[in-house]
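Every number here is computed from the coordinates shown, using simple stated rules; none is lab data. This structure is a prediction, so every number in the text was calculated from the model and none was measured. Please note: Cβ atoms are built from the backbone with ideal geometry, for glycine as well, and neighbour counts cover all protein chains shown.
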Protein chains: 2
Amino acid sequence: MAEFDLIEKYFAPLSMDGLKNDTAVLDIPAEHQLVVTSDTSNRGDHFVEEMSAFDAGRKCLRANVSDLASSGADPLAYQLNLALPKDLDERWLADFAAGLAADQKLYNIALSGGDTTGMSAGGLSVSITALGLVPRGEAVLRSGARAGDVVVITGILGDAFLSRLHMPSPPVVLAPLVRKYAHAAVDISDGILADLGHVCAASGLSATLEFDKIPLSKKGRAALKNGEASVEELLTWGEDYELAMALVPEDFEAFQAEANALGVSLSIAGRFDTRNSEGRAVTVLDASGQAMHFSKTGWVHF
Amino acid sequence: MAEFDLIEKYFAPLSMDGLKNDTAVLDIPAEHQLVVTSDTSNRGDHFVEEMSAFDAGRKCLRANVSDLASSGADPLAYQLNLALPKDLDERWLADFAAGLAADQKLYNIALSGGDTTGMSAGGLSVSITALGLVPRGEAVLRSGARAGDVVVITGILGDAFLSRLHMPSPPVVLAPLVRKYAHAAVDISDGILADLGHVCAASGLSATLEFDKIPLSKKGRAALKNGEASVEELLTWGEDYELAMALVPEDFEAFQAEANALGVSLSIAGRFDTRNSEGRAVTVLDASGQAMHFSKTGWVHF
């Protein structure tokens with residue numbers, strides 16, 4: 001099937017304007033800034049071969065809206081760039097587009113454009129660039145955490161490690177509250193240790209987590225008990241796409257009430273401090289208050 | 001080499017803010033709209049293996065800024081998404097980044113973010129999403145051509161077909177003049193017949209070109225003479241990345257004077273008309289005024 005036919009059949013219906021141009025023209029409301037983020041997901045690496053095309057589409061888009069949420073940005077539109085094996089089953093593409101369509105509704109985001117190409121060398125690569133909006137000056141960065149802030153985590157962690165078919169649910173609905181309450185935020189795409197490490201590095205701080213307060217899923221706790229997973233595996237595995245945030249302890253209760261009303265749970269898992277002398281940005285304490293030791297801090301993509 | 005190290009070493013120096021966050025926050029000036037476009041370039045398909053990494057970086061970026069120019073948009077920033085074979089020579093990446101750096105200066109565009117991934121399945125895919133700015137309401141679309149408009153083409157066509165190592169030079173500097181003069185515009189990425197066909201379809205018109213007035217390069221004319229290339233091959237080959245535009249004939253002289261002052265040549269190659277009854281959007285006339293026949297109209301990506 002030719003590129004134009006594929007686009008017309010599967011992607012034009014997802015778009016704002018039918019993809020009649022190579023460019024999209026977008027209005028940016030006054031007193032807002034544009035937030036831009038990109039994620040590439042390759043089949044066999046970022047989503048497994050066994051994942052349905054429907055779920056693959058959703059997972060690729062969710063990796064991007066998750067980054068928008070971490071900045072406190074409301075979704076606006078996304079560009080979809082596909083490099084597909086030339087012998088791709090058209091059914092795969094139909095299901096992939098259906099997954100995107102379902103998530104577009106869920107996250108209130110539209111397709112603005114993109115490119116569909118065949119790749120002689122094989123492989124299937126999905127690159128998405130998502131665009132979001134924040135009121136001017138209100139974007140939340142990694143660099144804003146302050147000593148004394150609590151480390152607040154949304155939802156639960158661990159299920160992405162336990163099932164490669166797990167579908168993350170980034171708390172995109174939380175974006176306005178992230179802007180309202182968080183000094184700094186990051187999405188947990190590379191593992192809580194690595195991602196929190198990024199916040200510490202950007203903010204010039206360290207962070208200490210209490211292992212028992214990290215919101216691990218029931219399955220995660222059970223897997224730890226029966227030896228199916230190690231603490232390190234759960235904390236260094238990415239793709240849970242929850243948020244880790246820094247806020248003043250006094251704000252937690254109000255934030256929690258508002259987040260719960262949106263269906264998002266929050267946990268205080270630790271605290272940011274001035275940079276410690278040991279050089280380790282993120283420390284995890286076990287139940288007896290001893291620092292736990294890990295051989296790696298997160299997911300290495302390359 | 002790990003993803004974060006690669007980004008720090010090769011891409012952070014190209015960026016506006018050192019890529020310290022997963023998102024970039026961009027200011028959009030008042031009374032402007034955002035123009036977004038994406039192109040994916042796969043090694044072996046969109047740039048040949050023999051092309052240097054330096055030139056590959058430039059060609060990938062140029063395919064995108066060309067689309068911005070066709071909309072009359074001034075370049076703002078771009079996102080770079082890479083899916084790389086896991087055994088990639090680091091030298092390749094260094095040269096690729098150097099090519100991007102050179103073109104960033106040339107086109108006044110900065111790297112805002114992106115993603116670098118390894119692809120187990122092999123293949124090398126470069127997806128770029130470019131962002132540009134137009135004064136509100138001034139974006140040039142494919143749909144604005146009017147019957148009686150002349151078809152104006154920038155630069156010369158044909159060299160991209162004659163050498164797979166040819167480096168296109170999209171006339172990005174022309175963007176303000178595209179806004180000022182063109183009713184419709186498209187970049188010639190899929191071949192003049194196909195791309196002009198898109199304008200005709202979107203505008204509900206047909207177009208007639210005179211073959212002798214199509215600005216073919218000297219090499220292209222010579223290749224026609226000695227049988228190295230056919231007319232069809234030259235007119236249906238993409239990647240020249242020149243612009244085809246629609247404007248009123250009366251404006252041509254003023255446009256040409258202003259374009260020449262910027263180092264861009266313009267040619268009138270034909271005219272837009274009401275849709276003809278024969279169903280062919282784009283007709284090319286030979287020197288005797290006879291319609292030329294082609295078996296295909298442009299490059300099919302997939």
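Overview of values
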| quantity | calculated |
| --- | --- |
| Test item: B:108-115 mean partner chain Cβ contacts at 10 Å | 4 |
| Charge dipole magnitude, Cβ of K and R +1, D and E -1 - chain B, Cα centre, debye nearest 20 | 440 |
| Those lysines that a straight Cα-Cα span of less than 26 Å connects to A:LYS225, excepting residues fewer than 8 apart in one chain | A:LYS213, A:LYS296 |
| Cβ-Cβ FRET estimate between A:ALA261 and B:GLU253, R0 fixed at 45 Å, reported to 0.05 | 0.10 |
| Label spacing, shortest first and in nm, from A:VAL248 to its equivalents in the remaining copies (7 angstrom along Cα→Cβ) | 6.2 |
| Distance between modelled label sites at B:LYS20 and A:GLU31, nm, 7 Å Cα→Cβ extension | 2.8 |
| Footprinting exposure proxy for A:ASP5, B:ASP115, B:ASP273, A:ASP187 (fewest neighbouring C-beta atoms within 10 Å first) | A:ASP5, B:ASP273, B:ASP115, A:ASP187 |
| Crossing angle, helix B:90-107 versus chain B [Cα axis fit, 0-90 degrees, rounded to tens] | 50 |
| Pseudo-label separations to other copies for B:GLY137 - Cα-to-Cβ vector, 7 Å, nm | 3.0 |
| Cα centroid separation - the stretch B:1-67 against the stretch B:202-265, whole Å | 29 |
| Antiparallel DSSP beta bridges within chain A, percent to nearest 5 | 70 |
| Distances in nm from A:GLN290 to the matching label points in the other copies, shortest first (labels 7 Å along Cα to Cβ) | 9.3 |
| Convex hull projection area averaged over all views, chain A, Cα basis, nm² | 16.5 |
| Shielding by partners, peptide B:81-93 (average Cβ within 10 angstrom, other chains) | 3 |
| Distribution of pairwise C-alpha distances over the stretch A:9-162, 5 Å bins, in % | 2, 8, 16, 20, 19, 14, 10, 7, 3, 1, 0, 0 |
| Rg/Rg_globular for the stretch B:181-240, with Rg_globular taken as 2.2 N^0.38 Å and Rg from C-alpha atoms | 1.22 |
| Per-selection Rg to Rh, the protein assembly as shown - Cα, Kirkwood hydrodynamic radius | 1.02 |
| Chain A: relative contact order in percent, alpha carbon pairs under 8 Å with at least 6 residues between | 22 |
| Largest-first ellipsoid semi-axes for the stretch B:142-285, taking √(5λ) over the Cα gyration tensor eigenvalues, angstrom | 22, 19, 13 |
| Neighbourhood charge, 14 Å Cβ-Cβ cut-off, centred on B:SER163 and excluding it, Lys, Arg +1 and Asp, Glu -1 | -3 |
| Kirkwood Rh, angstrom, the stretch A:210-302 [1 / mean 1/r, Cα pairs] | 15.4 |
| For the stretch B:58-182, size of Cβ-based charge dipole, Lys and Arg +1, Asp and Glu -1, in debye | 360 |
| Modelled label reach - B:ARG146, point 7 Å along Cα→Cβ, the stretch B:167-197 residues with backbone N closer than 16 Å | B:179-185 |
| Dipole magnitude of the stretch A:142-285 about its Cα centre (Cβ charges: Lys, Arg +1; Asp, Glu -1), debye to nearest 20 | 40 |
| Whole-number Å³ per residue for the convex hull built on Cα positions in the stretch B:82-230 | 172 |
| Proximal charge balance of B:HIS32 [Cβ under 13 Å; K/R count +1, D/E count -1] | -3 |
| Fewest-first ranking of B:THR37, A:THR129, using other Cβ atoms within 10 Å as the exposure measure | B:THR37, A:THR129 |
| Kirkwood Rh and Cα Rg combined as Rg over Rh, evaluated for the stretch B:56-100 | 1.07 |
| Descending Cα extents along the principal axes, the stretch A:151-206, whole Å | 35, 25, 12 |
| FRET efficiency, 1/(1 + (r/R0)^6) with R0 41 Å, evaluated for A:ASN226 and A:ASN276 via beta carbons | 0.75 |
| Kirkwood Rh and Cα Rg combined as Rg/Rh, the stretch B:71-147 | 1.12 |
| Antiparallel bridge percentage (DSSP; both residues within the protein assembly as shown; nearest 5) | 70 |
| Binned Cα-Cα distances of the stretch B:10-90, short to long, each 5 Å bin given as a whole percent | 3, 11, 19, 21, 21, 14, 7, 3, 1, 0 |
